[in-house]
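The values are calculated or read from the model by the stated rules, or taken from the named source; none is laboratory data. Keep in mind it's a predicted model, so treat the numbers as computed, not measured. Please note: Cβ atoms are built from the backbone with ideal geometry, for glycine as well, and neighbour counts cover all protein chains shown.
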Amino acid sequence: MARVLGASLLGIDGIPVEVEVRISAQLPRIDIVGLPELSVRESAARVRAAISSVGESFPQNRVTINLAPAALRKGGSGLDLAIAIGILVASGAVEPQATEGIAFIGELALDGRLRGVRGELAMTLAARTAGCRALIAPAGWTASASLVSDVEVFAAGDLAAVIAHLRGHEPLARQTPEARDRPTQPTLCLSDVRGQETAKRGLEIAAAGGHGILLSGPPGAGKSMLARRLPGILPPLLAEEALTATRIHDAAGLLGPTSPALSDRPFRAPHHTCTVAGLLGGGTPPVPGEASLAHGGVLLLDELPEFERRARESLRQVLEDRWIVLARANYTCRLPANFMLVATANPCPCGWWGSEQRNCRCEARSIERYRARISGPLLDRIDLHLNVPGQAWRDLAEPAGGETSAQLRPRIERARGVQQSRAGACNADLADARLVRDLKATGAAHAMLGRAVDRLRLSARAARRVQRVARTIADLAAEEQVGEEAIAEALGYREEESPGGT
Ligand SMILES: Nc1ncnc2c1ncn2[C@@H]1O[C@H](COP(=O)(O)OP(=O)(O)O)[C@@H](O)[C@H]1O
Ligand SMILES: [Mg+2]
Ligand SMILES: [Zn+2]
């Protein structure tokens, strides 16, 4: 019996899989046992064809392949290579010692070529946990695997090359992490945006406290333009965040030879036709969706009211939990989804309600309906509501100016640092009880908020949001206490009144 190590992917976690192969003197057939999914069962046909086409003989007996641990369902075609090598070891074509301490990952084409699979980084981490010191994987897909320390990564083009390596005929090339200059994306600068000082200030506060934002205003006001400039003022990814984000992108098959790891905060802007599965992840085995791909970065839902209702509603839970749980028949997997939400919306279906440039032609009822699409529980989870008024042409003709993103960033990083050392989390993530403790509002500030709650009939949730934002405003100003000014400013970032209201 032969034992060879491979790995499988569950969500964004790699699982070491031991492939046991037994050849017995019975009629030729192949059995794969140990809860394999359909994709793994198809592996038998691919492996048989690949072994024959590289000129090795396939056993003319009964081949039983057991995937351990048997209790775990294994999906994906990434076990092909380990299964093929297991068969070759069992049939005596490859020495068992040659495969010791090596994990084999990759899908086989019928002609023996190796193909990459999703989740290479996670699987490499799993192989290391299982005690492997080397990994053989498809060439071109080994870039992210080589980021894992203590594992030697060998890149192979096809099965023949793997066999030649194991027989000591021709060693495979070792993949080393490329020493590359970090290709930080050309970040868009806030100073490109003319005017819109209030919205820019709102972005600064949002970035400093990790708050979700809703930008509303007429078409062409610069909402999308502002939203796309948020990643550029966020503090750099922490090492741990970067690793998680990289695993998520890798598990979604988005990393390749030229982008083995994430170093910048992700920015995802799914189109409004995006389905719930596209947003939250889906499929069997599960593939992360946009909300997880935005983990550690920004999820922009441009024109939020245009998203289908189920997609909008599915977000509520994610914003609360910051995790997505995908349940399948035999397992569940948890995908991280902690992102900053930026949503944009027009104030009404035609877009010009409240504008000085054009008249809104919408009926009050249709405006109510339109707004209802983003009202209530979803809106409750967005701390800052920013008005982005349309701009007069003469303002847009002015030269660009104002603070650059690079000038803003140190202030934001400092404010985040304060929050990190005080609570170990940013203000947007504070539990209510913790917020009460950390708020440190002056007596006058308390009284002011109390009056506002009465006058504006703020819900308890809305009041908490004001407190959170005020805490961030004070942190930006490096003030220990939250004063009246911070409360007053935070009160200005509540949702605007609806046309039927005051
Ligand atoms: N404040 C601004 N400063 C500079 N250019 C702007 C501004 N507002 C809008 N624009 C220009 O108008 C275009 C449309 O803006 P966009 O952000 O797409 O508007 P919205 O998303 O609000 O409909 C931008 O690409 C930009 O060229
Ligand atoms: Mg837009
Ligand atoms: Zn309108």
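Considering the conditions (1) part of a loop (DSSP other than H, G, I, E, B); (2) within 16 Å of ligand 1 (Cβ to nearest atom), ARG361 is excluded by exactly one of them, (2).
Take segment 16-34 and flag every residue that is of a type outside the set (Asp, Glu) and surrounded by fewer than 16 Cβ atoms within 10 Å (Cβ to Cβ).
Of segment 16-34, the ones of a type outside the set (Asp, Glu) are 16-17, 19, 21-30, 32-34.
ARG22, SER24, ALA25, GLN26, LEU27, PRO28, ARG29, VAL33, listed by residue number.
Applying the set (1) surrounded by 15 or more Cβ atoms within 10 Å (Cβ to Cβ); (2) within 23 Å of LEU299 (Cα to Cα); (3) without any contact (Cβ under 8 Å) to a residue 24 or more places away in the chain to ALA372 leaves exactly one unmet item: (1). Across segment 244-263, a minimum of one residue is classified as assigned by TED's automatic domain parsing to the domain that holds CYS362, within 27 Å of THR404 (Cα to Cα), in contact (Cβ under 8 Å) with a residue 12 or more places away in the chain and in contact with a helix residue (DSSP H, G or I) (Cβ under 6 Å, 6 or more places away or on another chain). Residues satisfying the criterion are present in segment 380-387 (criterion: within 16 Å of ligand 2 (Cβ to nearest atom), in the same structural domain as LEU215 (by TED's automatic domain parsing) and in contact with a strand residue (DSSP E or B) (Cβ under 9 Å, 6 or more places away or on another chain)). Please give the strands (runs of 3 or more DSSP E) falling wholly within segment 108-225 in which 1 or more residues are within 16 Å of ligand 2 (Cβ to nearest atom). Qualifying strands (runs of 3 or more DSSP E): 213-216. Determine which member of the set VAL418, VAL453, VAL482 is in contact with a Lys or Arg (Cβ under 9 Å, 6 or more places away or on another chain) and in the same structural domain as ILE382 (by TED's automatic domain parsing). So the residue among VAL418, VAL453, VAL482 that is in contact with a Lys or Arg (Cβ under 9 Å, 6 or more places away or on another chain) and in the same structural domain as ILE382 (by TED's automatic domain parsing) is VAL482.
Of everything listed in (1) away from ligand 3 (no atom under 16 Å from the Cβ); (2) surrounded by fewer than 21 Cβ atoms within 10 Å (Cβ to Cβ), the single unmet condition for GLY232 is (2).
Figure legend. Inter-residue proximity from segment 290-302: first residues within 9 Å of ARG265 (Cβ to Cβ) and more than 16 Å from ligand 3 (Cβ to nearest atom), second residues among the hydroxyl-bearing types (Ser, Thr, Tyr) and part of a helix (DSSP H, G or I), beta-carbon distance below 7 Å, spacing 6+ or different chains. Indicated pairs: GLY296/THR244. Quick check on segment 405-425. Is at least one of its residues within 16 Å of ligand 1 (Cβ to nearest atom) and in contact (Cβ under 8 Å) with a residue 40 or more places away in the chain? Checked against the condition, which is being within 16 Å of ligand 1 (Cβ to nearest atom) and in contact (Cβ under 8 Å) with a residue 40 or more places away in the chain, segment 405-425 yields at least one hit.
Among the residues making up segment 118-134, those that are of a type in the set (D, E, K, R) and touching a residue at least 40 places away in the same chain (Cβ under 8 Å) are ARG118, GLU120.
Scanning segment 388-413 for residues that are within 16 Å of ligand 2 (Cβ to nearest atom) and either at pLDDT 85 or above or assigned to a loop (DSSP other than H, G, I, E, B) (or both) turns up VAL388, PRO389, GLY390, GLN391.
Scanning segment 300-352 for residues that are part of a strand (DSSP E or B) and touching a Leu at 6+ places or on another chain (Cβ under 9 Å) yields a total of 16.
Just one of (1) buried (at least 17 other Cβ atoms within 10 Å of the Cβ); (2) assigned to a strand (DSSP E or B); (3) of a type in the set (Lys, Arg) fails for ARG46. It is (2).
Within segment 1-31, the set of residues being without any contact (Cβ under 8 Å) to a residue 40 or more places away in the chain and touching a strand residue (DSSP E or B) at 6+ places or on another chain (Cβ under 6 Å) comprises GLN26, ARG29, ILE30, ASP31.
The single condition among (1) at pLDDT below 90; (2) in contact with a His (Cβ under 7 Å, 6 or more places away or on another chain) that PHE307 does not satisfy is (1).
Within segment 319-329, take every residue that is of a type outside the set (D, E, K, R) and out of contact with any strand residue (DSSP E or B) (no Cβ under 6 Å at 6 or more places or on another chain) and give me the one that is farthest from LEU299 (Cα to Cα). Even if it seems obvious, please write down each step before you answer.
Step one: filter segment 319-329 for residues of a type outside the set (D, E, K, R), giving 319, 323-327, 329.
With the extra rule that they be out of contact with any strand residue (DSSP E or B) (no Cβ under 6 Å at 6 or more places or on another chain), the set shrinks to 319, 327, 329.
Details: LEU319: 11, ALA327: 23, ALA329: 29 Å.
Taking the candidates together, the pick is ALA329.
In the set (1) surrounded by fewer than 16 Cβ atoms within 10 Å (Cβ to Cβ); (2) away from ligand 2 (no atom under 16 Å from the Cβ), THR273 fails one condition alone, (2).
Can ALA227 be described as under 16 Å from ASN338 (Cβ atoms), buried (at least 19 other Cβ atoms within 10 Å of the Cβ), of a type in the set (A, V, I, L, M, F, W, C) and not assigned by TED's automatic domain parsing to the domain that holds VAL153?
Numbers: under 16 Å from ASN338 (Cβ atoms): no; buried (at least 19 other Cβ atoms within 10 Å of the Cβ): yes; of a type in the set (A, V, I, L, M, F, W, C): yes; not assigned by TED's automatic domain parsing to the domain that holds VAL153: yes.
Spelling it out, it is not the case that ALA227 is under 16 Å from ASN338 (Cβ atoms), buried (at least 19 other Cβ atoms within 10 Å of the Cβ), of a type in the set (A, V, I, L, M, F, W, C) and not assigned by TED's automatic domain parsing to the domain that holds VAL153.
Residue by residue, here is whether (1) in contact (Cβ under 8 Å) with a residue 60 or more places away in the chain; (2) among the β-branched types (Val, Ile, Thr); (3) not assigned by TED's automatic domain parsing to the domain that holds LEU9 holds:
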| residue | (1), (2), (3) |
| --- | --- |
| VAL89 | yes, yes, no |
| PHE104 | yes, no, no |
| ASP111 | yes, no, no |
| ILE136 | no, yes, no |
| VAL153 | no, yes, no |
| LEU166 | yes, no, no |
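The set of residues in segment 276-296 being part of a loop (DSSP other than H, G, I, E, B) and surrounded by 16 or more Cβ atoms within 10 Å (Cβ to Cβ) consists of GLY281, PRO285, PRO286, PRO288, GLY289, ALA294, HIS295, GLY296. Candidates in segment 448-499 are the residues that are among the polar types (S, T, N, Q) and surrounded by 15 or more Cβ atoms within 10 Å (Cβ to Cβ); of these, the one that is nearest to LEU379 (Cα to Cα) is SER498.
Regarding segment 481-491, can at least one residue be identified that is away from ligand 2 (no atom under 16 Å from the Cβ) and either among the polar types (S, T, N, Q) or within 25 Å of ARG265 (Cα to Cα) (or both)? Break it down stepwise before answering.
Here is the first cut: in segment 481-491, the residues away from ligand 2 (no atom under 16 Å from the Cβ) are 481-491.
Now drop any that are not either among the polar types (S, T, N, Q) or within 25 Å of ARG265 (Cα to Cα) (or both), which leaves 481.
Among the residues of segment 481-491, at least one is away from ligand 2 (no atom under 16 Å from the Cβ) and either among the polar types (S, T, N, Q) or within 25 Å of ARG265 (Cα to Cα) (or both), which makes the answer yes.
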